[in-house]
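The values are calculated or read from the model by the stated rules, or taken from the named source; none is laboratory data. Note that the structure is predicted; figures quoted are calculated from it, not measured. Here the Cβ positions follow ideal geometry from the backbone for every residue, glycine too, while neighbour counts run over all protein chains shown. SASA here: full protein model, heavy atoms, side chains in, ligands and nucleic acids out. Shrake-Rupley method; radii C 1.70, N 1.55, O 1.52, S 1.80 Å.
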Amino acid sequence: MIENIIVGAGLSGATLARKLADKGDKVLVIEKREHIGGNTYDYIDTKTGIRLSKYGAHIFHTNSEVVWSFVNQFSEWNMYKHKVLSYVNGKHVPVPVNITTVNELFDLKISNISEMQSWLKENQVKGEINNSKDSALAKVGQELYELMFENYTIKQWDLNPSELEASVLERIPVRDTFNDRYFSDKYEALPSNGYTEFVKNILDHKNITVELNTEYNNSIHKSNKLFFTGKIDSYFADKFGKLEYRSLNFNYKTYDIEDYQPAAVVNYPSLEYPFTRKIDYKKFYNTKSKYSIIAEEFSSSIGEEYYPVPTKKNRDIYSKYQAEAKKLEKNNIYFVGRLAEYKYFNMDQAILSALELFDKIYKK
């Protein structure tokens with residue numbers, strides 16, 4: 001019998017596989033897709049030389065020294081400062097909201113922190129926070145909420161913000177400075193040779209075997225320990241009901257132009273546009289090409305599962321699966337990762353969750 005089977009060759013699965021292999025265990029990684037890397041899978045477009053991500057843009061960022069130390073074993077990293085713009089009323093304004101955002105949209109001349117804090121205090125809507133609409137209003141006020149967040153959220157989730165848990169828009173960062181960096185983590189970077197190569201290096205170990213195009217079957221795949229990174233509801237044959245996810249579709253367009261848009265990512269919050277944002281891939285790696293490849297991003301309820309839908313109904317269903325999963329730990333069956341834990345993870349969180357599970361099992 002195989003010592004360890006890991007279902008899924010994304011970040012969580014690859015991280016666990018490497019930790020087990022370094023410990024001396026044999027590991028079989030089963031992946032239903034035709035490639036490793038999960039949603040971070042990327043490749044070079046042969047015509048333009050531009051690196052594309054099949055499942056959307058990914059920027060690695062973390063404050064965790066443990067995670068940063070781990071990932072640096074498997075790739076060199078290009079330091080990168082991610083910036084996002086939002087196209088509002090014919091203007092490109094920074095996201096997160098900062099002084100420039102407010103000045104541009106409301107024709108103001110705020111110049112310092114105290115003035116920005118005063119503007120926010122005057123506009124923020126205070127009260128009990130029960131949902132994401134309440135969260136956003138408490139952070140940016142009614143006008144900015146309507147201009148930048150309400151319709152974008154509706155397009156992204158197919159739900160009004162008032163129907164989503166507060167946590168979704170609680171994540172909106174608001175700056176009282178001119179700082180236009182999207183993230184504020186200590187480390188922010190891109191793997192020098194892309195994410196696919198990065199994950200390939202993690203899995204490159206004599207004790208690791210990877211089988212692609214392979215669906216997990218519990219009657220066939222027997223092991224001493226099982227680590228499942230797929231959908232937790234699928235593992236239990238949907239016995240408590242299906243959990244909801246949002247997916248993404250991409251419309252790729254190649255333009256014979258060197259500079260298509262002013263930032264790698266531009267959001268389109270207005271319902272006038274069916275897509276949520278446009279991604280300009282050459283800007284991530286500063287690729288020199290006479291072309292630009294733009295991905296228009298559309299949110300959908302159909303397709304690969306990207307985002308768990310954070311509603312009370314889904315949270316209640318997941319809690320039942322979580323209780324069942326906990327019982328299986330005595331049989332050395334573990335659930336880890338974004339789909340298995342029904343939680344939106346940044347990349348560093350997916351890696352950290354796997355590292356913490358390994359430590360929980362082997363450092364008791």
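For the structure I just gave you, tell me whether SER219 is within 20 Å of the chain's Cα centre (by Cα) and among the polar types (S, T, N, Q).
Working: within 20 Å of the chain's Cα centre (by Cα): no; among the polar types (S, T, N, Q): yes.
Here the answer is no, as SER219 does not meet what is asked.
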Counted residues, segment 254-273 - those being open to solvent by 70 Å² or more (accessible area, probe 1.4 Å) and touching a residue at least 40 places away in the same chain (Cβ under 8 Å):
3
In the set VAL309, VAL336, the lone residue that is surrounded by 20 or more Cβ atoms within 10 Å (Cβ to Cβ) and modelled with pLDDT under 95 is VAL309
From PHE74, PHE178, which residue is touching a residue at least 40 places away in the same chain (Cβ under 8 Å), within 27 Å of the chain's Cα centre (by Cα), open to solvent by 30 Å² or more (accessible area, probe 1.4 Å) and over 25 Å from PHE275 (Cβ atoms)?
PHE178
Considering only segment 144-170, state which residues are among the β-branched types (Val, Ile, Thr) and open to solvent by 40 Å² or more (accessible area, probe 1.4 Å).
ILE154
Could you tell me how many of the residues in segment 233-251 are in a loop (DSSP other than H, G, I, E, B), open to solvent by less than 60 Å² (accessible area, probe 1.4 Å) and either in contact (Cβ under 8 Å) with a residue 24 or more places away in the chain or within 12 Å of GLY8 (Cα to Cα) (or both)?
3
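Among the candidates ASN151, ASN160, which residue alone is over 15 Å from ASN267 (Cβ atoms) and polar (S, T, N, Q)?
ASN160
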Of everything in segment 183-232 that's aliphatic (A, V, I, L, M) and not in a helix (DSSP H, G or I), which residue is surrounded by the fewest Cβ atoms within 10 Å (Cβ to Cβ)?
ILE220
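Just the residues that are over 19 Å from SER184 (Cβ atoms) and either in a loop (DSSP other than H, G, I, E, B) or of a type in the set (A, V, I, L, M, F, W, C) (or both), please, taken from segment 334-350.
Just the residues of segment 334-350 that are over 19 Å from SER184 (Cβ atoms), to begin with: 334-343, 350.
Passing the criteria: PHE335, VAL336, GLY337, ARG338, LEU339, ALA340, GLU341, TYR342, LYS343, ALA350.
Answer yes or no: is there a residue in segment 236-258 that is among the small types (Gly, Ala, Ser) and out of contact with any Lys or Arg (no Cβ under 9 Å at 6 or more places or on another chain). Step through it out loud before you land on a result.
Going residue by residue through segment 236-258, those that are among the small types (Gly, Ala, Ser) are 237, 241, 247.
Keeping just the survivors that are out of contact with any Lys or Arg (no Cβ under 9 Å at 6 or more places or on another chain) gives 237, 247.
Yes - at least one qualifying residue is present in segment 236-258.
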Tell me, which residue of segment 103-134 that is assigned to a helix (DSSP H, G or I) and of a type in the set (S, T, N, Q) is surrounded by the fewest Cβ atoms within 10 Å (Cβ to Cβ)?
SER114
